[in-house]
Amino acid sequence: MCFMRTDLSTFANTVYRRFTCIREDDMAGGNSSWADRWRGFLGFSPGTTRRALEILSQRYIEESQHIERYNEHARKMQYPQFRDRLLAIAADEAEHVKWIAEQIKLVGGRVPR
């Protein structure tokens with residue numbers, strides 16, 4: 001990828017301004033955590049993080065319910081090929097739920113029960 005010199009200059013100025021703000025907060029004895037400082041540096045607002053956690057938590061709950069439903073239907077299934085397919089789908093959903101849980105933790109939230 002090729003950047004023009006003005007793009008790099010603009011980017012460098014933006015990084016410098018954000019870094020300067022972080023250092024000024026440190027000097028002033030601000031109570032913000034490193035996570036808050038990085039969010040500010042990267043341009044993320046606390047509202048964005050909260051909304052992302054709400055969406056991820058809702059998806060986690062829904063996907064977990066799907067796994068339970070697939071397993072329940074698989075137990076009742078009389079044809080083994082269909083039962084195996086439902087169990088495979090449930091296993092895929094379980095991997096997805098695990099990934100969502102990791103993302104929730106990465107953002108700094110708690111995994112729903």
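Please treat every number below as a calculation from the coordinates, not as lab data. Note that this is a predicted model, so its numbers are computed, not measured. Ideal geometry is used to build each Cβ from the backbone, glycine not excepted, and the neighbour counts take in all protein chains shown.
For Ser45, Ser64, the sequence from fewest to most other C-beta atoms within 10 Å is Ser45, Ser64. Footprinting exposure proxy ranking of Asp36, Asp84, fewest other C-beta atoms within 10 angstrom first, gives Asp84, Asp36.
Using R0 = 25 Å, the C-beta based FRET efficiency linking Glu95 and Thr48 works out to 0.40.
Residue exposure proxy: Val97, Val111, ordered by other Cβ atoms within 10 angstrom of their Cβ from fewest to most, comes out as Val111, Val97. For Gln58 and Arg113, the difference between the fully extended length at 0.36 nm per residue and the C-alpha to C-alpha distance is 18.7 nm.
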